[in-house]
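No lab work stands behind these numbers, since they all come straight from the coordinates. Quantities reported herein were computed from a predicted structural model and do not represent experimental measurements. A quick note on method: Cβ atoms are made from the backbone with ideal geometry, for glycine too, and the neighbour counts reach across all protein chains shown.
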Amino acid sequence: MGNVVILGSQWGDEGKGKVVDLFSERFDIVARYQGGHNAGHTVFIGDKKFVLKLVPSGILRPGKKAVIGNGLVLDARALLEEIDALEAAGVAVRQNLSISDRAHVLFPAHRMMEKMSEARPGRVSIGTTSRGIGPCYEDKIARRGIRIAGLLDRDFFRAQYDSVMQEKVTIAKALGIYEELDLAAIREQYEAFAERIRPMVCDTALLLADAMRAGKTVLFEGAQGTMLDIDHGTYPFVTSSSASAGGACTGTGVPPTRIHGVIGVAKAYITRVGGGPFPTEALDGAGERIRQRGKEFGAVTGRPRRCGWFDAPLLRYTAAINGFDSLVVTKLDVLDEFDQIPVCVGYRLDGREIAGVPATVEQIARLEPLYECLPGWGCSTFGMVSYEDLPQRAKAYLAFLENRTGVEVGCVSTGPERGQTIVRRGSRFEQLVG
Ligand code: GDP
Ligand code: IMO
Ligand code: MG
C-alpha cells in the first residue's frame, strides 16, 4: 500500500467526503491540497452528520493525523469555527491537525472583492460560493498574499495587512462595490485567531516527508472536481485552484514520485452547482427527479444542484488528466427508480463527432451529446454491500461505464453511510486502499 490521491472526476460533490472518511481508516495521514471553505464534504456516521469544509475528512477517525497543505486558502474564522464545532461533537481535532505555514490567509475583504466579478454589470457571473476564494488566490498569484507564517509574525502581518487591505478599499470604492469594513478591528481579530492556530502550524511538506520516510501512508483528499480545476476545467466557470491530481503535489510539497495511485470519484449520474456549460444536463422532469432522490442541494450554499446523465467522454477526459487507476461510482441507489438511464457516449460538434472536451465554453455549450439508453433495474440497491447481490442490470450499467470510460469501477457506493459500500474483489482499487 502506498500514498493515494482521491479526487472528484466531475464538477464536485461526487461524494469524496464519504469515500475519504471510509478509506482513511487504512492510511496514517489524510492531507487536503487545495481549495478552501468553498468545499462541503458530507460524512454520515450513524445518525450524526458532519459537513467538513477545511478540515480533511480523515479527522473523524480517532488517532489519524490530518494535514492542511500549502495549496489551501484559509479563512481563519471559518477554520476555527469548524474546529470548535467538531470538538463540541467529540472529535479530537487540535492534537491531530497540522496546518501548513505556507497556506494563504483569506480575509473578509476577499469576499468584498468577489463582487467585482460576480455582481458588476458586463461581467459574466460564475455563480461562485461567495466565500472570497478567487480573490484570495489572486493575491497569492500576484505575490501580495499573506501566508499563515506571515499571520504569525505580528510586525510583518500589521504592515502587510494594512497595505494590502488599503489597496482593496481603494479599488472597491472606485468600482462601487465597497462595503463598510472595520479593517483595524478585523486585523485584531486575526491576530487573536493567529494565536489559536499557532500550535497547529508547521512546515507540513517536511512533516509529510518525514512521515513517509518512516513508512507512514498518506491519503490526499481533493476538493471540488477536475472540471472545476483552474487549468483543466470549463474555464472560466471553474474554481481558482488545481483540483486535479497534479495539485496534490504542488499543494502539499509531496513529489510525484511518492504518489502511488489516483482514484476518481464519480456519481452514477452528474451534477453541477453554479454557472457554466453542462452537456448532459437534464432540463426535463428527470433532472428534478434526480435532484429530489439524490437530495442534490449544495452542502455549503444550499443551492439546488443542476442534475444530468453520466458523461463518459467527460470522464475519459478527466481520467486522462488524472491518470485514474480506479473509479468509485457513488449514488447508484439514486437511479433505482428510473426505467431508462441515458449515458452520454460521445459528443458531436458542428455535425462532426469529436474526441476530447473542447477548450472554450462557447464550444462546450454547443456540444450535442450522443446517448445510449440503458434499462433501469427497477429495484432497490440502497445499502447493498456485495457486488454479486446487485441486480443484473445495475451490474450491466456499471460494466457499461467501465467500458466507455476505460477505467475500472473498483468501488460502488449505495448510500451515504460508511457501510453502504461495495469494494470489488481483485480490483486495482482493493490493491490501493485495501
Ligand atoms: P463531496 O463534496 O464530494 O464530499 O460530496 P457532498 O458531500 O457535497 O455531496 C454528496 C452527497 O451525497 C452527501 O450528502 C452524501 O451524504 C451523499 N452520498 C454519498 N454517497 C452516497 C450514496 O452512495 N448514495 C446516496 N443516496 N447518497 C450518497
Ligand atoms: P466540493 O469539494 C461543487 C463551484 C461553485 C462555482 C465555482 C467557483 O464540495 O466538491 P468558488 O467559490 O470556488 O470560486 O466557485 O465552483 N464550486 C463547487 N461546486 N462542489 C464544490 O466543492 C465546489 N466548490 C466550488 O459553485 O460554480
Ligand atoms: Mg460537496
Cα-based Rg and Dmax for region 104-196, where Dmax is the largest Cα-Cα distance (Å): 13.4, 42
Angle in degrees between helix 76-88 and the longest Cα principal axis of the chain, rounded to the nearest 10: 60
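Any number yet on Rg/Rh for the chain, C-alpha, Kirkwood? Don't skip to the end; give the middle numbers.
On the way: Rg = 21.5 Å, Rh = 22.2 Å.
Dividing the radius of gyration by the Kirkwood radius yields 0.97.
What do the square roots of 5 times the Cα gyration tensor eigenvalues come to for region 253-329, in whole Å, largest first, as semi-axes of the equivalent ellipsoid? Show your work: numbers first, answer last.
Working: eigenvalues 157, 42, 25 Å².
One finds semi-axes of 28, 14, 11 Å for region 253-329.
Only Cα pairs under 8 Å and at least 6 apart count here; give the relative contact order of the chain as a rounded whole percent. Spell out each step's value before the answer.
Numbers: 964 pairs, mean separation 87.2, N = 434.
Answer for the chain is 20 percent.
Summing -39500 (n - 2.57) over the DSSP H runs of n ≥ 4 in the chain and dividing by its residue number, what mean residue ellipticity at 222 nm do you reach, to the nearest 500 deg cm²/dmol? Intermediate results must be reported in sequence, preceding the final value.
Values: 14 runs with 144 residues, N = 434.
One gets -10000 deg cm²/dmol as the mean residue ellipticity at 222 nm.
Just the number, please: percent antiparallel of the DSSP beta bridges in region 266-433, rounded to the nearest 5.
Values: 19 of 25 bridges.
Antiparallel bridges: around 75 percent, rounded to the nearest 5.
Can you sort 414, 226 from fewest to most other Cβ atoms within 10 Å of each residue's own Cβ? Write down the numbers at each step before the final one.
Values: 414 25, 226 31.
Ranking 414, 226 by Cβ neighbours within 10 Å, fewest first, gives 414, 226.
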Projected area averaged over orientations for region 146-193, convex hull of C-alpha atoms, nm²: 3.3
Volume in Å³ per residue [convex hull over Cα atoms, computed for region 216-293]: 117
Relative intensity, log₁₀ I(q)/I(0), of region 266-433 from a Debye sum that treats every alpha carbon as a point, q = 0.09, 0.14, 0.17 Å⁻¹: -0.30, -0.75, -1.11
Relative contact order (%) - criterion: Cα under 8 Å, at least six apart; region: region 192-316: 17
